[in-house]
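Working notes for the structure below.
The values are calculated or read from the model by the stated rules, or taken from the named source; none is laboratory data. Quick caveat: nothing in here was measured; it's all calculated off a predicted structure. Note: ideal-geometry Cβ built from the backbone for every residue, glycine included; neighbour counts use all protein chains shown. Accessible surface is based on the protein model in full, side chains and every heavy atom, while ligands, DNA and RNA are left aside. Shrake-Rupley method; radii C 1.70, N 1.55, O 1.52, S 1.80 Å.
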Amino acid sequence: MVLSRREPRMKARCGHDYGGVLMRIFSRRTLLGAAALLVSAYAGPLAAPSAAADEAKKIAIANFGPHGTLEQVVDGFKQALTDKGYKEGEGVVYEYSHGNFDPSLIPQVLRSLEATSPDLLMTITTPVTLASINLISDKSLPIVFGVVTQPVAAGVVPSWDKGSERYVGASNLPSIKAVIGFARELLGDIKSFGMLYNSGDVNDVILRDYAASVAEELGLEFRSESVESPNDIQQRTMALDGVDFIYVIPSSMLQPTVPALASAADRMEIPVISATPDGVLEHVILGAFSISWEKVGYNAGLRAVQILEGAKPSELSNYRPTVEDHTPFISARRLKEAGLDLPAALKDCDCVVD
């Protein structure tokens with residue numbers, strides 16, 4: 001089922017409280033071509049459309065699924081528009097839908113949103129963005145992406161400095177060097193690390209290759225295991241036995257399965273460091289070195305504003321997170337269970353989650 005809603009979404013909690021890994025989503029079936037009818041039903045049968053609603057821009061948001069970090073991206077995107085004078089319900093209205101992490105539902109999500117005749121489409125994650133290239137029939141519709149890890153390598157845009165005719169947006173590419181630096185501060189001498197990746201996801205493959213190149217540069221042993229299904233998570237994690245830590249990349253398949261991955265890693269007494277903080281906030285993994293997901297969304301939103309005000313995607317650059325955009329998270333509970341003390345290098349990090 002494709003989940004869709006028109007009412008303002010429940011806000012994810014900011015800061016260190018991400019509202020849990022999975023957020024509650026209000027849902028209903030989306031009927032092609034019925035957007036105007038739904039608006040009338042919401043407003044009441046006798047309500048007349050306001051001038052503000054008539055003038056408001058319409059933005060469609062296509063998300064892959066209801067994950068806490070992805071909802072943070074939506075929050076950041078909307079906040080950027082609000083800060084630039086596009087208040088929700090007045091300067092802009094949103095049509096939101098997600099495919100519950102089911103790739104087979106992405107075409108339905110995109111086509112139903114395009115049927116609402118938006119002024120701009122936001123696509124969240126690489127699978128949704130890549131699908132939109134061929135599935136969106138209106139080739140004049142500008143598309144702003146978020147959480148496309150390597151948009152250049154994926155063929156979405158020609159370079160970091162320039163969007164394409166239709167696409168521009170914000171990446172969530174983590175700094176693997178910074179992740180290893182954090183792991184060394186937290187765990188001490190690191191000689192090896194491991195990673196799972198989905199061989200069918202271009203983002204995952206790019207990150208696997210990126211991690212391999214960084215490991216070679218730093219003289220570290222790197223091991224990776226391909227995962228074709230969430231059902232394979234524990235078995236493939238066990239194949240990484242012997243590494244100093246396992247890094248969980250920002251993968252559409254892997255992030256929702258962190259508890260299963262962590263369970264297997266615990267049996268091998270291998271610490272886990274993730275690209276998102278959810279597992280730390282729930283105390284199922286030791287640490288995370290995470291980009292600001294709200295900042296990814298915010299930067300996508302800034303580009304959306306420029307497009308709504310007349311700029312072309314090809315005239316804008318794409319956002320790439322810097323090392324300074326990363327934040328550490330450490331589970332106090334997992335630190336104690338592992339018999340570890342907080343290293344002196346991290347004493348003032350203000351990153352320990354009780």
Counting only protein heavy atoms and a 1.4 Å probe, tell me what percentage of the range 176-274's accessible area is made up of carbon and sulfur. 45 percent
Note: residue 137 to residue 159 extended length (0.36 nm per residue) minus current alpha-carbon separation gives 5.5 nm
Given C-alpha coordinates of the range 176-274, what is the ratio Rg to Rh with the Kirkwood estimate of Rh? 0.93
Roll a 1.4 Å probe over the protein chains and send me the accessible area per residue for the range 176-274 in Å². 39 Å²
Taking the alpha-carbon centre of each part, the distance from the range 172-189 to the range 244-287 in Å is 14 Å
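Give me the percent of accessible area attributable to carbon and sulfur for the range 79-119, probe 1.4 angstrom.
On the way: 790 of 1820 Å².
Roughly 44 percent, rounded to a whole number.
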How much net charge surrounds residue 259 when only the other residues with a Cβ under 12 Å from the Cβ of residue 259 are counted, with Lys and Arg +1 and Asp and Glu -1? -3
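With a 1.4 Å probe and every protein chain left in place, work out the accessible area per residue of the range 275-354 in Å², rounded to a whole number. Present the calculation step by step, with values, prior to reporting the outcome.
Working: 3640 Å² over 80 residues.
I get 45 Å² per residue for the range 275-354.
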Residue 177-residue 82 pseudo-label distance in nm [points 7 Å out on the Cα-to-Cβ vector]: 3.7 nm
